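Participant: Can you keep this structure in mind? I'll have questions shortly.
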Amino acid sequence: MFDSGQSMVRDTGEGHGILQKSSCREDTKRGELFNTKYTTDTLKGIAISAVLINHYLNLNLSGDYSGFAYEWISIFFILSGYGLYHSFERLNFDRLTFRKLRLFYYQRFIRIFPLLWIAWFVQFLVTHGDISYWIPLGLHGNGHFWFIPALLQCYLLAPFLFWGIKKNLYLSLVLLSALLILANIIFMSGLVPHFIVKLAQFTESHWMNAYFLQIVFFTVGLLFPLFIPKRDSCTRNSNRIFHTAFFWILATFIIGIMLYLRYFLSRTSFTMLEFDVFPLFLMIFLCAHAIFHGIRNRLLEFLGRISYTIYLFHWSFYLLLRHIAGFRFNSTKELILCLILFPFFLYTSKRLEDFGSFIVSYSRSGAR
């Protein structure tokens with residue numbers, strides 16, 4: 001969802017003969033994952049598509065469709081960690097300094113908050129003020145805005161997680177695991193005052209029935225470059241059809257598993273835990289497979305590039321349609337109108353994303 005400053009190799013097009021072999025050797029020489037930016041954008045496109053569909057169903061159709069978008073949002077946490085690893089490595093964050101920390105947090109602030117403020121103001125107008133005033137501060141987010149403070153917590157820890165991983169990988173993972181397990185035991189057993197538990201929930205530290213779980217998936221993304229082997233473009237082009245087909249079969253399987261656990265098993269605490277946990281592990285494998293084999297889809301790639309603005313503004317878009325047209329639940333006309341106007345929403349999202357990128361570029365030039 002966010003541009004995390006990845007220094008990735010971009011595809012330069014198809015070639016033949018000597019030119020293609022030269023391109024392959026050049027990609028290998030650079031030592032980067034070939035086409036990773038295209039792949040991560042494709043994965044973001046899948047995640048934001050799931051969010052769009054799930055939230056439309058929640059808002060406009062009768063029935064219980066909640067929870068599905070929560071699962072796919074894990075992809076954003078994973079890819080944020082994955083992208084920041086490359087950014088930190090390029091900027092030598094294994095040697096932390098105050099100046100590097102200040103610059104990192106400043107750039108994250110500029111990337112996230114200006115568009116967040118615009119999105120908050122738009123939804124304030126659409127809902128006639130029925131929206132939390134904590135959202136612009138990034139401390140709390142009702143509705144879909146919960147993701148922002150959850151991700152900000154990952155960014156807050158990101159430089160230190162990277163530093164620990166580079167200094168002593170296994171010790172850092174043991175300490176992080178112990179702290180997260182201990183925190184969940186303390187919060188869930190009532191060993192801390194109730195207001196502290198409420199504060200953790202208010203700041204969106206509670207996701208998928210666990211505390212600070214987003215940090216786990218963010219850390220998984222940080223670890224991807226260490227455990228996913230690098231392959232050059234020549235090797236990656238072999239069996240592309242097979243690996244692409246497997247990717248889509250796995251994505252479809254994940255959806256099927258989620259539907260089965262949600263609607264075809266009796267809703268016990270155990271089956272709901274399976275619904276929360278099992279698909280998340282499959283999504284880690286889905287991301288790893290896509291990155292390793294350079295999976296790409298141009299439409300989803302486009303959606304992934306502007307996924308941040310789509311995420312911020314899609315709820316206002318849905319609400320505005322309902323307010324203007326006055327449709328009720330289960331309206332086919334509203335769905336048709338939404339599909340007709342959706343390209344204009346995407347165009348607006350693209351322009352807003354360009355505006356956000358301009359702010360980031362301008363702030364970076366000023367920071368130098």
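Derivation of every value follows stated rules applied to the coordinates shown; laboratory data play no part. Values in this document were obtained by computation on a predicted structure and should not be read as measured data. Glycine also receives a Cβ, built like all others from the backbone with ideal geometry; neighbour counts cover every protein chain displayed.
Participant: Using the 10 angstrom Cβ neighbour count as an exposure proxy, how do Asp354, Asp276, Asp64 rank, fewest first?
Facilitator: So the ranking, lowest neighbour count to highest, is Asp64, Asp354, Asp276.
Participant: Pick from His128, His243, His293 the residue whose mean-square fluctuation is largest in a GNM of the chain, springs joining Cα atoms under 10 Å.
Facilitator: His128
Participant: Number of Lys pairs in the chain with C-alpha atoms less than 22 angstrom apart, excluding same-chain neighbours closer than eight positions?
Facilitator: 13
Participant: Next question. At a 10 Å Cβ-Cβ cut-off, how would you order Lys44, Lys350, fewest neighbours first?
Facilitator: Ascending Cβ contact count within 10 Å gives the list Lys350, Lys44.
Participant: May I ask you to derive the relative contact order of the chain, considering only C-alpha pairs under 8 Å and at least 6 residues apart, and to give it as an integer percent?
Facilitator: The normalised contact order for the chain reaches 33 percent.
Participant: To continue, here is another question. Expressed as a rounded percentage, what relative contact order does region 78-203 have, with Cα pairs under 8 Å and six or more residues apart?
Facilitator: So the answer I get is 26 percent.
Participant: Which net charge results when you count Lys and Arg as +1 and Asp and Glu as -1 among the other residues whose beta-carbon is under 12 Å from that of Phe278?
Facilitator: Charge balance near Phe278 sits at -2.
Participant: In whole angstrom, note down how far apart the Cα centers of region 313-336 and region 159-187 are.
Facilitator: Centre-to-centre distance over Cα atoms comes out at 44 Å.
Participant: While we're on this one: For the chain, what does -39500 (n - 2.57) per DSSP helix run (n ≥ 4), summed and divided by total residues, give at 222 nm, in deg cm²/dmol to the nearest 500?
Facilitator: -25000 deg cm²/dmol
Participant: Moving on to the next point. Specify which labelled value, from [x] 5, 24, 33, 24, 11, 3, 0; [y] 5, 20, 24, 19, 16, 10, 5, 1, 0; [z] 5, 21, 32, 28, 11, 3, 0, agrees with P(r) over Cα pairs in 10 Å bins from 0, in percent derived from the coordinates of the model shown.
Facilitator: Among [x] 5, 24, 33, 24, 11, 3, 0; [y] 5, 20, 24, 19, 16, 10, 5, 1, 0; [z] 5, 21, 32, 28, 11, 3, 0, the one calculated here is [z].
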